[in-house]
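Everything below concerns the one structure shown next.
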Amino acid sequence: MCTSIIYTAGDSYFGRNLDLEVSFGQEVVVTPRNYPFKFRKGPSLDQHYAITGMALVEDGYPLYFDGANEKGLGMAGLNFDGPCHYFPEDPAKNNVTPFEFIPYILGQCKTVVEARKLLSNLNLVKIDFSAKLHLSPLHWLIADKSGEAIAVESTTEGLKVYDNPVGVLTNNPEFPKQLLNLSNYQSVSPDYPKNTLIPEVKLNTYSRGFGSHFLPGGMDSGSRFVKEVFTKAHAPKGKSEIENITNYFHNLHAVEQQKRLDQVAPGQFEYTIYSDGINLTTGTFYYSTYGNKQINAVKLEKDRLDQTELMEYPLQNEQVINFQN
Ligand SMILES: C[C@H](CCC(=O)NCC(=O)O)[C@H]1CC[C@H]2[C@@H]3[C@H](O)C[C@@H]4C[C@H](O)CC[C@]4(C)[C@H]3CC[C@]12C
């Protein structure tokens, strides 16, 4: 499972936790403006906005899991197994495969408003990347530096675009059901609750934190959605980049999965392989991995964005302890 968020604190920060039982060999990849994006069913994009994100480079092609462009639009693909449905080619629409979807949107759009225009005539066409790499059933969070966000889901009913007023996406069920479920938790609060159960009896308040007593804490996508919405809604906003990025990662770590807590097959456990976040104004990309909780960063090198070759930064997976003596 996965969790993706946009957190606004002056600048906006966009990214996700990637939770899975196996690692694909992803790395930080910057696709510069003149890398030619070829599309299976449409004209290539020889010039486009530069994209920074987490991707697996396969046959020289960046298969993005999540990322953002130089204009401050971010997009992440999350597992959506079950409701997800991709379609045969539709001659009346722009046909884009799910693995091309992130380059197609981030290559051409600056804002959610612009993305909505492209989405209005788009068909997610069912074509595998290769015989080895089949399509994954995904849905997407798209958000821009103003903080506006949408969720995009392709189901048997077609391509759905939903306003996302909470700036969070996890996995199943369909996004409107996740939003509806929030109403069950409206009274969850950082504040200590008033005893409305039996006001005339003084209750033994044996612990702090009773305002969030009914906050779900499971690994399932419904629980993570509620927990993340609550955590982010009350997250402090910092006065510096370091404070903001620290707060941002605290948001994601609230729903991270530790090893051996979420069994997906005998002896196989899903865990948070990486957490990442990009400052949508500066383009600096931050990440931590399960093995290395230090925050690593890749700056956007503006003077190198006109080249054609991908820039690849392997993940630093080893924890560095800051010895003080
Ligand atoms: C499975 C994860 C989503 C994480 C998640 O929710 N998984 C756990 C679960 O719930 O089952 C998705 C997110 C991005 C996906 C990848 C990207 O879409 C890029 C690429 C696209 C190809 O069609 C398939 C491989 C490949 C490399 C995808 C493999 C599956 C990934 C890694």
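The values are calculated or read from the model by the stated rules, or taken from the named source; none is laboratory data. Please read these numbers as outputs of a predicted model, since none were measured by experiment. Note that each Cβ is placed from the backbone with ideal geometry, even for glycine, and that neighbours are counted across all protein chains shown.
Some observations on this one:
- For region 109-128, a tally of residues being crowded, with 16+ Cβ neighbours inside 10 Å and out of contact with any strand residue (DSSP E or B) (no Cβ under 7 Å at 6 or more places or on another chain) returns 1.
- Qualifying position, being in contact (Cβ under 8 Å) with a residue 40 or more places away in the chain and at negative phi, among 42, 60: 42
- Candidates in region 33-52 are the residues that are part of a loop (DSSP other than H, G, I, E, B) and among the aromatic types (Phe, Trp, Tyr); of these, the one that is surrounded by the fewest Cβ atoms within 10 Å (Cβ to Cβ) is 49.
- Of all residue pairs spaced 6 or more apart or on separate chains, those with beta-carbon atoms under 6 Å, a first member in region 14-33 that is in contact (Cβ under 8 Å) with a residue 40 or more places away in the chain and within 14 Å of residue 316 (Cα to Cα) and a second member that is surrounded by fewer than 24 Cβ atoms within 10 Å (Cβ to Cβ) and acidic (Asp, Glu) are 27/312; 29/312.
- Sole residue being among the polar types (S, T, N, Q), in contact (Cβ under 8 Å) with a residue 24 or more places away in the chain, surrounded by 21 or more Cβ atoms within 10 Å (Cβ to Cβ) and more than 30 Å from residue 9 (Cβ to Cβ), chosen from 154, 136: 154
- Members of region 75-122 that are within 16 Å of the ligand (Cβ to nearest atom), part of a strand (DSSP E or B) and over 20 Å from residue 5 (Cα atoms): 87, 95, 96
- Out of 12, 4, one residue alone is assigned to a strand (DSSP E or B), surrounded by 24 or more Cβ atoms within 10 Å (Cβ to Cβ) and near the ligand (Cβ under 10 Å from one of its atoms). It is 4.
- The residues listed here are 264, 320; of these, the one that is more than 19 Å from the chain's Cα centre (by Cα) and modelled with pLDDT under 95 is 320.
- Single residue of region 129-172 satisfying the filter (touching a strand residue (DSSP E or B) at 6+ places or on another chain (Cβ under 9 Å) and among the acidic types (Asp, Glu)) that is nearest to the ligand (Cβ to nearest atom): 153
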